[in-house]
Amino acid sequence: MGGGGDLNLIRVGDPNQAINSTFTPADPVFFRRFCQACAESESLAEMNQSGRSSEVLIKAANFALHWINQQFAEENPADNSSDRPTPKPHYTLPSLPQTIYPVAPDDPQPDANPTPLGPGLEIDRPNTIHDTADNIARRALRLFKKYPNYSAAVLVRTNDQGRFLADTFSDLYGDALPIYEVGRSDRQSHVPGELLCLLRFIERPHSPDNLKAALKVLGDRKLIESQDLDRLASRPEGFLYPSPLEPRHSDRRRTAQKICTALLRARLELTPYNLISFVCFTMGYDPTELATAEKLIDELRQRGAGDGRLGTILQHLSPLVTNETFTPVDAEGNAESAYMRSGQLTIITMHKAKGLDWDAVFIPFLQANNIPGKPNPPLPANFLGDIDLAECIRAQLRTYIQNPDVQILPALEDAWRQANQLKLAENYRLLYVALTRAKRYLYLAAENQAPFTWNNIDNIQNLSLCPIISPLEQHFHPAKLG
């Protein structure tokens, strides 16, 4: 607060690390406007020095930011011609032009801009995702052997990728490589919701909605293979108990049917609370998830006051899930410090890694369909063509909220194009966040062959690489750590 009661408004932030704008009300455009207004009044102060990373990694992040902005501008030239009935949306750059510098030599930060580990930056092009997993594991083992106090992390785009790496590391090296998979520890918070879906199905298996929700839970847990859930759930009786006249089930469908009918049979043989335990066994819960389920059962017993009917259990379980009032068991401790322990390889999503840092960071699976991604409207949503109507409407609403005086909202085609560009811009900012998490060493891997979608890792294809890989290679000529 200034003298005389005047208020001085201060905002601190980095719009270049805004990575939630496509699924929350947050949008970097408002912070950019605030910064622009401050700049026009000569009251903008920029913090453009960082002591976190080695100088080579700062240069790599700066190069990536400037190259992405330039590429984005070339692919989306401004065209607001007055002869168009609806002006074409003008796409802002993914990031504000910015150059980060190392701190001064006398900066008080301990170990500011540390000496890089080996070359600092390494770009690898393995043939397969399995090669990448082996490369990361070998480098991490050597790192911890030589520097046991260093920390390291693998930043992935999705939890499916993290699960694949954790399982592969375990198969390759067992306990020799300490792993902390953040996604697995977080999944315990989904136990009440998963149990609610499965118990609802067990109570009313003839409901297509209940059956589809249960199948989705089983699919998310990788207990059944990916398949058309709408088709399976459209006729519950024909799926669960097919007559001799029904077409023969495929192997994938038979596996799903077997699990579902086993759950229904268990209802006839077990008490409701024992039924919950059987469901947990079917789901293959780990010890922490089982502890969470046991805690949940105890709370349901208390709320039910001895009434053990399945309907009563569901009546008390539903508000626990809806209101998120149940606290799961967290045996590991969920503090950020658990993610950055020394001598541990943390597997974490790029989103969750924001605000954290490690001595060594590995970023695998850099294909174009992964980063920056591409438009892929779900089949039920593209009945008006190759667009997602919900995303189009969201883009139109965003246009109106940001420009209340607009007379004509973008047409569907333009709104869909705008939604795609906003998503691409956010994904590029997400990559920038990931690149800036490393302090001493950054490993980037772009495989020649990778799954087209990560819910089916057997669907291996030759995929194009993330566009930033080749420019980074040409500019830095990074050496191999080996």
Practice prompt. Tell me, please, whether a residue that is at pLDDT 85 or above, within 24 Å of Ile100 (Cβ to Cβ) and open to solvent by 70 Å² or more (accessible area, probe 1.4 Å) can be found in the stretch 464-474.
Written response: yes
Response to the item:
Within the stretch 155-168, residues of a type in the set (Lys, Arg) and surrounded by 22 or more Cβ atoms within 10 Å (Cβ to Cβ) come out as Arg157
Worksheet item: Hey, any hits in the stretch 184-196 for a residue that's of a type outside the set (S, T, N, Q) and closer than 22 Å to Leu141 by Cα?
Response: yes
Worksheet item: For the stretch 412-441, what are the residues that are outside any helix (DSSP H, G or I) and open to solvent by less than 40 Å² (accessible area, probe 1.4 Å)?
Response: Thr436, Arg437, Ala438, Arg440, Tyr441
Discussion item. Can you tell me which condition Tyr180 does not meet? The list is (1) touching a Phe, Trp or Tyr at 6+ places or on another chain (Cβ under 8 Å); (2) among the hydroxyl-bearing types (Ser, Thr, Tyr); (3) within 17 Å of Lys258 (Cα to Cα), and all the others hold.
Written reply: (3)
Worksheet item: If you take just the helices (runs of 4 or more DSSP H) that sit entirely in the stretch 284-399, which of them hold at least 2 residues that are open to solvent by less than 40 Å² (accessible area, probe 1.4 Å) and at pLDDT below 85?
Response: 287-304
Worksheet item: What is the residue count in the stretch 234-253 for residues that are over 22 Å from Leu268 (Cα atoms), small (Gly, Ala, Ser) and part of a helix (DSSP H, G or I)?
Response: 1
Discussion item. Of everything in the stretch 428-464, what is of a type in the set (A, V, I, L, M, F, W, C), under 19 Å from the mean Cα position of the chain (by Cα) and farther than 22 Å from Ala353 by Cα? Give them in sequence order.
Written reply: Ala450, Phe452, Ile457
Worksheet item: Do we have Leu211 as under 30 Å from Ile313 (Cβ atoms), in a helix (DSSP H, G or I) and either touching a Phe, Trp or Tyr at 6+ places or on another chain (Cβ under 8 Å) or of a type in the set (S, T, N, Q) (or both) here?
Response: yes
Discussion item. Leu143 - would you say it is more than 25 Å from the chain's Cα centre (by Cα) and in contact (Cβ under 8 Å) with a residue 24 or more places away in the chain?
Written reply: yes
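Per-residue answers, yes or no, for (1) crowded, with 19+ Cβ neighbours inside 10 Å; (2) closer than 26 Å to Ala353 by Cα; (3) free of Cβ contacts under 8 Å to residues at least 12 places away in the same chain; (4) acidic (Asp, Glu):
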position	(1), (2), (3), (4)
Ser170	no, yes, yes, no
Tyr180	no, yes, no, no
Gly193	no, yes, no, no
Arg200	yes, no, no, no
Asp209	no, no, no, yes
Lys216	no, no, no, no
Gln227	no, no, no, no
Practice prompt. Output yes when any residue across the stretch 17-26 is part of a loop (DSSP other than H, G, I, E, B), modelled with pLDDT of 75 or more, surrounded by 15 or more Cβ atoms within 10 Å (Cβ to Cβ) and out of contact with any helix residue (DSSP H, G or I) (no Cβ under 6 Å at 6 or more places or on another chain), and no when none is.
Written response: no
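The values are calculated or read from the model by the stated rules, or taken from the named source; none is laboratory data. In this text the structure is predicted, and so the values were computed from the model without any measurement. Because the Cβ atoms are built from the backbone with ideal geometry, glycine has one as well, and the counts that use them run over all protein chains shown. The protein model used for the area step is the full one, side chains on, heavy atoms only, and it has no ligands, DNA or RNA in it. Shrake-Rupley method; radii C 1.70, N 1.55, O 1.52, S 1.80 Å.
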